[in-house]
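J.: This structure is in structure tokens; I'll ask about it shortly.
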Amino acid sequence: MKKLLGLREEARRLFSPGTIWYHIKGRWIWDDISVSREKVNWHRIVWFPVHIPKFSLISWMVFLNRFPTKDRLARFGLITETDCVVCGSGLESRDHLFTGYFFAKEVWRTILASCGIRYDMQSWDECLSWLVVNLKGKSLRVQILKLAWTGFLYYIWEERNHRCFRGHSRSAGTVVYRIKEAVKIKLYRNCIHRIDDANRFMFTNWGLI
Ligand SMILES: [Zn+2]
């Protein structure tokens, strides 16, 4: 009985919402992804009123660097081949996969251009600083950028998995299209902004009118 009660505690901890499971090479490993919002300055970039749950969950894990990218799996001794499958060169780490090569850079550059912003990301840390500084307030542009950024992380991860496990790839343009469609569908019903001269550009570019 004592043992069972002990297990119950263990089970509660393992299946709490802050726990994520990976199935790797026939066994399950778990990771604790609970972090208090006070500890991180990017909480509001991932969780915000009109977020898309699957985008935010994936983004949360990316921000915490808890994804089973190859560099991490190699550290656990689970794999030895660590090349990035999207670009074919470079170690597959969180920083590389999302900010370190042409495909990801091209997708994000195009998204920003649709918001009237010219910016090339250089590294994960630098990009994160940019987001923390710029994604403030409740403007339509900020709302779109938060949705698009979490969508960007989601679809880059999906693209990586398609290439890894299904052997097919999409163009950067297709990934941009998927992100924009998801943002459009979400905002079409939930948009609280009015069209004015300042944001007409955003409404048009993102297909909201
Ligand atoms: Zn790469």
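J.: Are any residues in region 55-78 basic (Lys, Arg) and either within 13 Å of the ligand (Cβ to nearest atom) or touching a residue at least 24 places away in the same chain (Cβ under 8 Å) (or both), and if so, which ones?
T.: If the condition is that a residue be basic (Lys, Arg) and either within 13 Å of the ligand (Cβ to nearest atom) or touching a residue at least 24 places away in the same chain (Cβ under 8 Å) (or both), then Arg66, Lys70 are the ones that fit.
J.: For Arg141, work out the one condition from (1) within 15 Å of the ligand (Cβ to nearest atom); (2) open to solvent by 50 Å² or more (accessible area, probe 1.4 Å); (3) in contact with a helix residue (DSSP H, G or I) (Cβ under 6 Å, 6 or more places away or on another chain) it doesn't fulfil.
T.: Failing condition for Arg141: (1).
J.: In region 73-95, which residue that is in contact with an Asp or Glu (Cβ under 9 Å, 6 or more places away or on another chain) and open to solvent by 30 Å² or more (accessible area, probe 1.4 Å) is farthest from Trp206 (Cα to Cα)?
T.: Among those residues, the one meeting the criterion is Ala74.
J.: Further, regarding this structure: Give me the pairs, please: first residue somewhere in region 83-97 and under 16 Å from Glu126 (Cβ atoms) and without any contact (Cβ under 8 Å) to a residue 40 or more places away in the chain, second residue anywhere and assigned to a loop (DSSP other than H, G, I, E, B) and near the ligand (Cβ under 8 Å from one of its atoms), beta-carbon distance under 9 Å, and either six or more positions apart or on two chains.
T.: Within 9 Å, the pairs are Ser93/Cys84; Ser93/Gly100; His96/Cys84; His96/Cys87; His96/Gly90.
J.: Could you check, for region 45-58, whether at least one of its residues is surrounded by 16 or more Cβ atoms within 10 Å (Cβ to Cβ), out of contact with any helix residue (DSSP H, G or I) (no Cβ under 8 Å at 6 or more places or on another chain) and hydrophobic (A, V, I, L, M, F, W, C)?
T.: Within region 45-58 (the criterion being surrounded by 16 or more Cβ atoms within 10 Å (Cβ to Cβ), out of contact with any helix residue (DSSP H, G or I) (no Cβ under 8 Å at 6 or more places or on another chain) and hydrophobic (A, V, I, L, M, F, W, C)), the answer is yes, since at least one residue qualifies.
J.: A follow-up question, please. Is it true that some residue in region 79-102 is on the phi < 0 side of the Ramachandran plot, outside any helix (DSSP H, G or I), out of contact with any Leu (no Cβ under 8 Å at 6 or more places or on another chain) and more than 14 Å from the ligand (Cβ to nearest atom)?
T.: Within region 79-102 (the criterion being on the phi < 0 side of the Ramachandran plot, outside any helix (DSSP H, G or I), out of contact with any Leu (no Cβ under 8 Å at 6 or more places or on another chain) and more than 14 Å from the ligand (Cβ to nearest atom)), the answer is yes, since at least one residue qualifies.
J.: So Ala113 clears everything in (1) surrounded by fewer than 18 Cβ atoms within 10 Å (Cβ to Cβ); (2) within 16 Å of the ligand (Cβ to nearest atom) except one condition, right? Which one?
T.: Answer for Ala113: the failing condition is (2).
J.: Picking from Glu106, Glu126, which residue would you name as being within 15 Å of the ligand (Cβ to nearest atom) and not in a loop (DSSP other than H, G, I, E, B)?
T.: Glu106
The values are calculated or read from the model by the stated rules, or taken from the named source; none is laboratory data. Just so we're clear, the structure is a prediction, and the values are computed from it rather than from any experiment. Note: ideal-geometry Cβ built from the backbone for every residue, glycine included; neighbour counts use all protein chains shown. Side chains included, ligands, DNA and RNA excluded: accessible areas come from the protein's heavy atoms. Shrake-Rupley method; radii C 1.70, N 1.55, O 1.52, S 1.80 Å.
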